[in-house]
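Notes for the one structure printed next.
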Amino acid sequence: MKSLSIAALSGLASLGAQAQEAPPPDLRPSLDPVVVTATRTTTPTNTLRDTIVITREQLQAAGPLTLGEVLQREAGIELRANGGPGQPESLFVRGAGSAQTLVLVDGLRVGSATVGTTAIEHIPLEMIERIEVVKGPLSSLYGGDAMGGVIQVFTRGKNVPYFFADAGYGTDRDWRASAGVTGADDTTRFSLAAGYRSVDAASATNPRAGFIYNPDRDPYDDAYFNFHFSQKMWTGETLALDAFTTNAHTHYDAGPTGDDWNYHVISGAKLTSSLAFSPTWTSTLTLGEGLDRLEDHGSFVDHFETRQLQATWLNEFPITGGTFSMGAETLRQKVYSDAADPFTNDQRNTNSVFLGVNQLWQGQRFEGSVRWDDDDQFGQRSTGSMSYGFDWPGLSRIAFTYAKGFRAPTFYDLYGPSFPGYSPNPSLQPEQTTSYELSLRNLPGPGLQWRLTYFDNRFDDLIVYDAAQATVLNVARARARGLEAVAETQWLGARWKGSFTAQRPRDEDTGATLQGRAERFGTFDVSRAFGPWSGGVKLLAVGERFDSANEDPASRLGGYAVVDARVRYDFDKNWSAQLSATNLFDKRYESVAGYDAPGRGVLLSVSFASF
């Protein structure tokens, strides 16, 4: 038998690059994208799940926006941000919070197991080739933390020889530069990219923040690097080695005086071996590690680190009209801390097996998956997902999805450290969700593209802090149900796209609106090209929210609307310049009480690309 080698950052990165070509004129990839995340296969495919793909072209047009702001505008995800560049960003996917939504970078978990989130504010857009967003539970493929959905980032790289270089300067002395190169032939491919950004950002807080308010400026700088190398061997096996890192230095407000800052590293490496044993069996073996390291300096001096060792063996088998897959996975999470009272348990191991099927026959499609997880803290747990869809001739494509998900408690929830007014609870059980989804979308073809989705997500055993017992308990229930509408077309030579979400995110026990969630939000975007000139305008509107769990009037956050604009000029096929403005009319608003959202931002950038 041919031996399998093992490898370090993802064959998924190259697959993502393959599928990121610019959309054809009929716009289908926008609302009916070809993806790998929704089915966890190595071959990009269509899916019944609600999936959004954000391309390199969209990221290039985003100007000074952060990753969280791009997800808010392009994927219909709610954003909660503690200020400007480098400050913490949280996401809400159909009611689910950041800790309930899995973020992957090139297929790797790279978040913090202490708090359960990924610091997306430190993942620069210049580092990203493509983003896939899948809404709704995917625990049946990815295990814990995917109860709200999955956001997968693919780092820069292509499958053809390519060179790029970008430089920009903008508001608040925001300057940035990045460059990368790809080499490829029939058997070998390599790519590497690097970049740096520095911005003298305004204070993250305002007087509403109380004792932590500090009017000083909060500078931010970040550097990134990513690398890929793959080689097809004489045996038919393909070996791929990938690695990336992003290193951020952020100043933040923690009191009226002094200078507080942190150093945050997010990195990962993965080795992948892919081999077709036969025309009916493809095997992919992956070994990788993700790292999240945070060092605080100033008023608080702390060090927290998470290492996640991950190994996956995926096997795919073609069946009539589709693919059957089965895999095994192991995840070891290890945390470190300089706290005086360290974690009572600093390691968690989870072993899993999963099955999946994606099949199309006679105009009908079925997608299903099931997973069994064995956690050394919680024992065995199973989850599943099922989607069925068919074409209604002359009307629409109809799909229904039912899914179960879960999220394991964080190390902070379970193992400490303790301090006055708080103690961990090692008896906590995972949070659970049950999701129903019904979607209608246009039949394939040119013209108006649209999608209408009703979703109903029910969350049980939610972990909340109980002040009376000074600990965290599984006591809360929540439900988020609503309607999402997306439409896109070409008219009068321009591309028009709009999205709107109306939802009811509620605490089932108190009836209060879930913290930070709005009942109405949406976007509208129009863009057009005029010879070498192109440009566009985007409107983002968000309704009022409460930054508290009980709708405290003092925590009310007013609704807001902001306008972004961009104009680009292509000097020739290689050189271009872009002027972009975000929050064009300098709207003042908050997404977290006491933290100002960024005001008007302008960025002038110059780009070179060679194919």
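The values are calculated or read from the model by the stated rules, or taken from the named source; none is laboratory data. This structure is a prediction, so every number in the text was calculated from the model and none was measured. All Cβ positions, glycine included, derive from the backbone under ideal geometry; neighbour counts span all protein chains shown. SASA here: full protein model, heavy atoms, side chains in, ligands and nucleic acids out. Shrake-Rupley method; radii C 1.70, N 1.55, O 1.52, S 1.80 Å.
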Practice problem: Identify the trypsin sites (Lys or Arg not before Pro) of segment 117-202 meeting these criteria: DSSP loop state and at most 15 other C-beta atoms within 10 Å of the C-beta. | Solution: Arg173
Quiz item: Ranked by accessible surface with a 1.4 Å probe, highest first, in what order do Trp261, Trp491 come?
Solution: Trp491, Trp261
Practice problem: Specify, per residue and in Å³, the volume enclosed by the convex hull of the alpha carbon atoms belonging to segment 256-373. | Solution: 152
Self-check item: Student exercise, segment 453-541 dipole from Lys, Arg, Asp, Glu Cβ charges, in Debye to nearest 20
Solution: 500
Quiz item: Going from the alpha-carbon gyration tensor of segment 457-611, what semi-axes, largest first and in whole Å, does one get by taking the root of 5 times each eigenvalue?
Solution: 41, 18, 15
Exercise. Report which label in (i) 23.3, 68; (ii) 30.7, 103; (iii) 24.5, 84 holds the value of Rg and Dmax of the Cα atoms in Å derived from the coordinates of this structure.
Key: (i)
Practice problem: Sum -39500 (n - 2.57) across every DSSP H segment of at least 4 residues in the chain, then divide by the residue count to get the 222 nm mean residue ellipticity, nearest 500. | Solution: -1500 deg cm²/dmol
Self-check item: For the chain: accessible area per residue (Å², 1.4 Å)
Solution: 40
Quiz item: If you rank His122, His249 by how much accessible surface each has, with a 1.4 Å probe, what is the order from largest down?
Solution: His249, His122
Exercise. Answer rounded, prolate or oblate for segment 128-196, using the Cα gyration tensor with square roots of eigenvalues a ≥ b ≥ c: rounded when a/c is under 1.5, else prolate when a/b is larger than b/c, else oblate.
Key: oblate
Quiz item: On the accessible surface of the chain, probed at 1.4 Å, how many percent belong to carbon and sulfur atoms?
Solution: 60
Practice problem: Would you kindly find the accessible area of Phe324, with a 1.4 Å probe and non-protein molecules such as ligands, DNA and RNA excluded, rounding to the nearest 10 Å²? | Solution: 70
Quiz item: With θ set to phi - 60° and the Karplus curve 6.51 cos²θ - 1.76 cosθ + 1.60, what are the ³J(HN,Hα) couplings of segment 41-49 in order, to the nearest whole Hz, using x for Gly and Pro?
Solution: 10, 8, 9, x, 8, 6, 8, 7, 5
Quiz item: In terms of modelled amide H atoms, which long-range or inter-chain residues lie less than 5 Å from the amide H of Glu129?
Solution: Phe154, Thr155, Arg156
Quiz item: Any idea which of Gly258, Phe521, Phe300 is furthest toward the positive side of the dipole for the chain, if Lys and Arg beta-carbons carry +1 and Asp and Glu beta-carbons -1?
Solution: Phe521
Quiz item: If you take the charge dipole of the chain about its Cα centre, with +1 on Lys and Arg Cβ and -1 on Asp and Glu Cβ, which of Thr510, Phe227, Gly421 is farthest toward its positive end?
Solution: Phe227
